[in-house]
Each structure stands twice: as structure tokens, then as C-alpha cells.
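Have a look at the structure below before the remarks.
The values are calculated or read from the model by the stated rules, or taken from the named source; none is laboratory data. Since we're looking at a predicted model, the values are computed, not measured. Note: ideal-geometry Cβ built from the backbone for every residue, glycine included; neighbour counts use all protein chains shown.
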Amino acid sequence: MIFYPMVISAVAVLVTLIYASYLDIRDRRVPFRTWYPMLIVGIAASMVFFYQQTGNISLIVGYIALIASFLYADYLDNHEAGTPFRLPYLAVVLALPAISWFIIPAISTGKLPETQLIPWYVMFAGLIGYVSYREFTKQPERRLKAKQAKKDARRESNVEEVLSRWYFVLVVIILAIASFYMIGSGGWGGFGIYMAFTAIFCGVFYIFGQMHLFGGADAWALIFIAFCIPTFPIIPLLSTPPLGGYFLSFSVLINALILNLVAPVGIFIINTVKKNRAPLQYMFFGFPVKGDNIQQAWGFVMEDFVEEKNGNIGRKFIGFWDSLRRMRSDEGRVYTKDLREHPEEFEKELGIYKKAGNVWISYAVPFILPITAGLITAVLFGDFLFTIMKFVTGGA
């Protein structure tokens, strides 16, 4: 079986991912506009696919509402205080779920809208409206004296600040609950499963991206794959996809993670052959470079250095949890890209690295490359983990 709209969408997504991979390798940055071609083609193709399979207008509008919620959250997160706030965006984001959950079902059935979803919609609108209001009234940042800065920080360390930072977790939960309800009530049918899984899957990676636990481009790549290719375009060669084939993006992620395991093994072999010495775990994820050439490398520094009084250099590897904390806070982690682009800010560190001789840095293969490979292998061969599990358990 071939779903031709999904084939067209998959081609558009693949071409975009290849170009995004090139940008990530060259600049270590993927501008958001890079995703526009794949979104235009993929969303249109997915709407055609949903209409061909279900003819359910409520489901299609719910699909658009889901995408609009994520794009609007990104707009809020990146809106600069002092710039015009686009209220029409808010109106669209609030209107789409109401149309999908209430108006269209009421018109199609000739009955009053179901009341069970009303409290969830009120919470959805309240959260989105509240955070939008805070962004609308936010003042441009200004320089503050230390005392005033501490006072403002104490004032912001309250429920309002927590809600503004984590509101999207609640939004994702509401969207998922609404999707399950629409499935149970018969409003969306089996394809509603895609809506629920996509809300959860994309919500997790959006939040990971905001917490700096996942690369921004990598997170958006997985999110947009989920939006643009709802199901497998063709039946894969190895096995029937899990979850009835409704959820290609999960198989892309699994395949990407499995393929990404090749890099650490290769790095370990190279370090062993070159007799590079470090604690075992670091042998898989990093390698030493010359301190005076570190600005030409890609990655982040895996060691802490201290210049001792007698001129010697004290050094130790950064632990896993400490590294995770630094990545989360975006502080204390030294990237070679920053050393290259802002050397004036790292004069002390650069001097220490030169004295140290060799410096261990992480390998820097952008995860968008395994994601691209994961898409290709998932479409052609299926879910690697699912196939392995079927083989081990003796499944057909």
C-alpha cells in the first residue's frame, strides 16, 4: 500500500533535512526559516491524507490546532519585549480548538456541543491567554543595580514565573486529553491516536529543547517530522510498523538513536588505536586535541583546568551529572565555537589550554544527521528496535 500524499511529504522532509544537516555541519546553526518548505508541503499533504482516509473535518482542524499551538509557543518564547505583539496569532490559536472540539461536531451531529471538554478548553485558553498577556505587557530589559536586580528576582520567583516557564507542559496534557476524548466519543476515530501521540511526543521534545537538554534544530526536526508525516508512506521491507503505522516519527527517533551508537564505538576504537588515555566513559564520547588548535575543533571541553601557583596545570574530567547541570543551565560549559567566535572573552581559558598541551573535547556530530538517516531507514526498512524484538521473541 502506498499513501501518495505521504510520499510527497516524505520527499520534502528528506530534502529539507539534508539541507539542514549541511547547515548544522557548516555553521552549527539551523535558521528556523529552513523548515518552511517542508512545513508548507508536509502540512498540505497531511491534510489531503487525512481527508482521503477519514473525510473528518474536525480531525483536520484539530491537526492544524495542534501545529498552531506549538508554533505559537515558539513565538511566545522568542518574542522580544518592546516589539509589536501579534494578537491575531492568539485569536487563531484559541479559535481552532473551539472549532474542532465543539463547533464542527455540533454542526455534523445536529446536537449541542459536548460539555466534558469545556473545562479543558477553558484551561487551555486561560493558560495561553495568561502567558500572552505577560508577553504583551513585558517591558524591554534594562540595566539594573545589583540590589534592584535581586529584588526583581525575588518578586519573579513565584507561582506566576513558574507558570510562565512551564505552562506548555499543561497545554500539551490538555491537547492529549482532548484527543483521547475525541477518540472515545467517536468524533475522530482511529486516526485520533496520531493526534494524542503527536501532542505528547512533540511536547516532550519541545520542552527538552527549551531546557537545553536537546539541540534546538534536532528537537524541531523531530517535531516537524511528526507533523508532516503522520504515518508510514509505504509498508517497510522488514516488518509492519508498530502502533499500526500511525506514528512514523517515533520509529525515526528509535532508528536515529540506534544508528548514533555507531559513532561512540568508532571513537573508542580510534582512541584505543592512538593510545589516547582517559576514564573509560570518556573514551567513547571524546578525544584529545592540541590546546593551541582547539579553536579549529568542534565540540565542548570535557575537562576543568586550574592554573596552580607553581605554574602547573591542575585538571579533571567533568562528571556526567555536572555536565548535565551545565548543559541545563547553559553556564560553565565551554564550546569550541565560542572560543573561535569570541576569543576575547576566553583569553584566560585559551592560555590554560595552550599550557595544558592536549585538551579532551566531545565529538560533535550533529544529531540531525542520525535523524536524517533514521527517517530514510524507517521509511524503507521499518523500526529497527521493533524488528529486533520480533526476531528475538520469534514473532512473524
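Taking region 207-217 as the region of interest, how many residues are assigned to a helix (DSSP H, G or I) and either among the β-branched types (V, I, T) or surrounded by fewer than 23 Cβ atoms within 10 Å (Cβ to Cβ) (or both)?
The first filter runs over region 207-217 and keeps only residues assigned to a helix (DSSP H, G or I), leaving 207-210, 216-217.
With the extra rule that they be either among the β-branched types (V, I, T) or surrounded by fewer than 23 Cβ atoms within 10 Å (Cβ to Cβ) (or both), the set shrinks to 207-210, 216.
Count: 5.
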- Query: Regarding I318, is this residue modelled with pLDDT under 85, among the β-branched types (V, I, T) and crowded, with 18+ Cβ neighbours inside 10 Å?
  - Reply: yes
- Message: Exactly one of these conditions fails for E141: (1) modelled with pLDDT under 60; (2) over 25 Å from L71 (Cα atoms). Give me its number.
- Response: (2)
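Yes or no, residue by residue, for (1) farther than 21 Å from I99 by Cα; (2) outside the structural domain of W101 (by TED's automatic domain parsing); (3) of a type in the set (A, V, I, L, M, F, W, C); (4) without any contact (Cβ under 8 Å) to a residue 60 or more places away in the chain:
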| residue | (1), (2), (3), (4) |
| --- | --- |
| A10 | yes, no, yes, no |
| Y19 | yes, no, no, yes |
| I25 | yes, no, yes, no |
| G42 | yes, no, no, no |
| Y51 | no, no, no, yes |
| I60 | no, no, yes, yes |
| L66 | no, no, yes, no |
| Y72 | no, no, no, yes |
| L76 | yes, no, yes, yes |
- State which residue is nearest to the chain's Cα centre (by Cα) when the search covers only region 280-315 and only residues that are surrounded by 11 or more Cβ atoms within 10 Å (Cβ to Cβ) and more than 20 Å from I352 (Cα to Cα). F285
- Query: For T198, which of the numbered conditions (1) touching a residue at least 40 places away in the same chain (Cβ under 8 Å); (2) in a loop (DSSP other than H, G, I, E, B); (3) over 23 Å from R28 (Cα atoms) fails to hold?
  - Reply: (2)
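I'd like to know if region 228-236 contains one or more residues that are assigned to a helix (DSSP H, G or I), aliphatic (A, V, I, L, M) and modelled with pLDDT of 90 or more.
Of all residues in region 228-236, those assigned to a helix (DSSP H, G or I) come to 228.
If we keep only those that are aliphatic (A, V, I, L, M) too, we end up with none.
No, region 228-236 contains no residue that is assigned to a helix (DSSP H, G or I), aliphatic (A, V, I, L, M) and modelled with pLDDT of 90 or more.
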- Pair list, Cβ under 9 Å, 6 or more apart: region 372-387 residue within 17 Å of L14 (Cα to Cα), other residue part of a loop (DSSP other than H, G, I, E, B) and at pLDDT 90 or above: L375/I229; A378/F232; V379/I229; V379/F232; V379/P233; G382/F232
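Okay, residues lined up against (1) among the small types (G, A, S); (2) under 14 Å from the mean Cα position of the chain (by Cα):
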{"position": "I200", "(1), (2)": "no, yes"}
{"position": "H212", "(1), (2)": "no, yes"}
{"position": "F224", "(1), (2)": "no, yes"}
{"position": "L237", "(1), (2)": "no, no"}
{"position": "S249", "(1), (2)": "yes, yes"}
{"position": "L259", "(1), (2)": "no, no"}
{"position": "P264", "(1), (2)": "no, no"}
